[in-house]
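Just so it is clear, none of the values below were taken in a lab; they were calculated from the coordinates. As the structure is a prediction and not an experimental result, all values here were calculated from the model. Cβ coordinates were reconstructed from backbone atoms using ideal geometry, including for glycine residues, and neighbour counts include every protein chain displayed.
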Amino acid sequence: MNSWRSLKAQPIVSGILVAVNVFVFMAGTFYKSSLYDMGMLKAFDVLEKGEYGRILWAVFLHSDITHLFNNMFLLFFLGAMIEKEIGHVKYALIYFLSGIGGNLLSLAAKVITNDFSASLGASGAIFGLDGTLLAMVLFSGRKMENVTPVRVLLMIAYSLYSGFTGANIDNAAHVGGLLTGFVTAAFLCGLQRLKQHLKQNGEQL
C-alpha cells in the first residue's frame, strides 16, 4: 500500500512527456524533414488535406534546443506539482486537451488572418497547466503552499506578455491552451467537490 501511494506521488506522466519530447527532438536531428513535414501545424494541410493528426503531433515538435529546453523545464517542474495534486490520469487528460485546444484556436486564427505559416511546440499544453493551476487555487478548496490566485495570475500575465512581445510566437495557441486547461480543471474541481458533498450527505452521483 505504501509503495502504491509513493508511486502515485511521483511525476510519472510529466517524466514520460519530457522523455518523449526529447526523443522526438533527437530523432528530428536525423529525420527532421520528414518528421517536421508530417507534424507541423499548417492550416492548409489540416483543413484541406484532412491531416488532423497534426493537431496533436505538433505538440511534440520543437524548433531548436532552446525552444525544447524552455518548454520541458516548465513542463517538468510545473507539471510535477500539478500531477501530484490531481493524479496521473486527470493530469494527462488536461495536458493533451490543452495542447489540442491551443492548436485548434491557432488554426482558427490562421484561417481568419490568412496565415499560412506553420506552428509547433508544447507551449499551448503548458499554458494549459497554467490555467489548471489557476482553476485549482480558485475552485479546488485546497490550499497549496506558496500558491495564491494573485501569484498565478501574475505568472500568467507575464507569460502572455512575453509571448505577445516576442517574435514568431503562436499566441493563439497559448491563449487556447490556457483557456482549455482552465475550463477543464474548473470542471474537474467542481465535479470533485460535488462528489465530496454527496458523500458527506450519504448520496451517490
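For the reader, a short list of remarks on this structure follows.
- Members of K42/K110; K90/K195; K143/K199 lying beyond 19 Å, as alpha-carbon distances in this model show: K143/K199
- Size-normalised alpha-carbon gyration radius of segment 1-120, reference 2.2 N^0.38 Å: 1.19
- DSSP loop GluC sites (Glu not before Pro) with at most 14 other Cβ within 10 Å: longest gap in the chain: 49-144
- Considering helices alone, the calculated mean residue ellipticity of the chain at 222 nm is -25500 deg cm²/dmol, with DSSP H runs of length four and up weighted by -39500 (n - 2.57) and normalised per residue.
- Looking at segment 106-174, the trypsin sites (Lys or Arg not before Pro) that sit in a DSSP loop and have at most 15 other Cβ atoms within 10 Å of their own Cβ are R142, K143.
- Helices that extend 15 Å or more along their long axis by alpha-carbon positions and average at least 1.6 on the Kyte-Doolittle scale are, among the DSSP H runs of the chain, 123-139.
- For segment 84-145, chymotrypsin sites (Phe, Trp or Tyr not before Pro) meeting the loop criterion (DSSP other than H, G, I, E, B) and having at most 13 other Cβ atoms within 10 Å: F116.
- Rg ratio (alpha-carbon, reference 2.2 N^0.38 Å) - segment 2-200: 1.05
- I12/E48 FRET efficiency (R0 30 Å; Cβ-Cβ; nearest 0.05): 0.20
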